[in-house]
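Before any comments, here is the structure.
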Amino acid sequence: MSRNATNYPTRTPPADQGNSAAKPSARKEEHERIQRKQRAEMILAQYDLLMKYAMENKLSIPQTRQYFRKVALGIPTEPVIKNWFPS
């Protein structure tokens, strides 16, 4: 063996760290939650989009703003706005 081989042994594959089917699902849910919050923040920042969603869903702009604020803050809320985030 060369000197480098003794100083830097080859990497051994990690043992099974308990990766279950629940972990990828939890990561996916976390990713979706973050995406929903970011999209809600974007809609709140653009008045024309906020107006568009209010008109399409037959809600007032304050009701629509309140809904997206709750989503952006991570507060569980009844989904009253249709087709704003793909499921």
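Annotation for the stretch 21-28: at least one member residue is exposed (fewer than 10 other Cβ atoms within 10 Å of the Cβ), modelled with pLDDT under 95 and in a loop (DSSP other than H, G, I, E, B).
So, Ile43, is that one modelled with pLDDT of 80 or more and out of contact with any helix residue (DSSP H, G or I) (no Cβ under 7 Å at 6 or more places or on another chain) or not? Judged against the criteria, Ile43 is not a match.
Residues in the stretch 34-50 that are of a type in the set (A, V, I, L, M) and in contact (Cβ under 8 Å) with a residue 12 or more places away in the chain: Ala40, Ile43, Leu44, Leu50.
The values are calculated or read from the model by the stated rules, or taken from the named source; none is laboratory data. Values in this document were obtained by computation on a predicted structure and should not be read as measured data. Ideal geometry is used to build each Cβ from the backbone, glycine not excepted, and the neighbour counts take in all protein chains shown.
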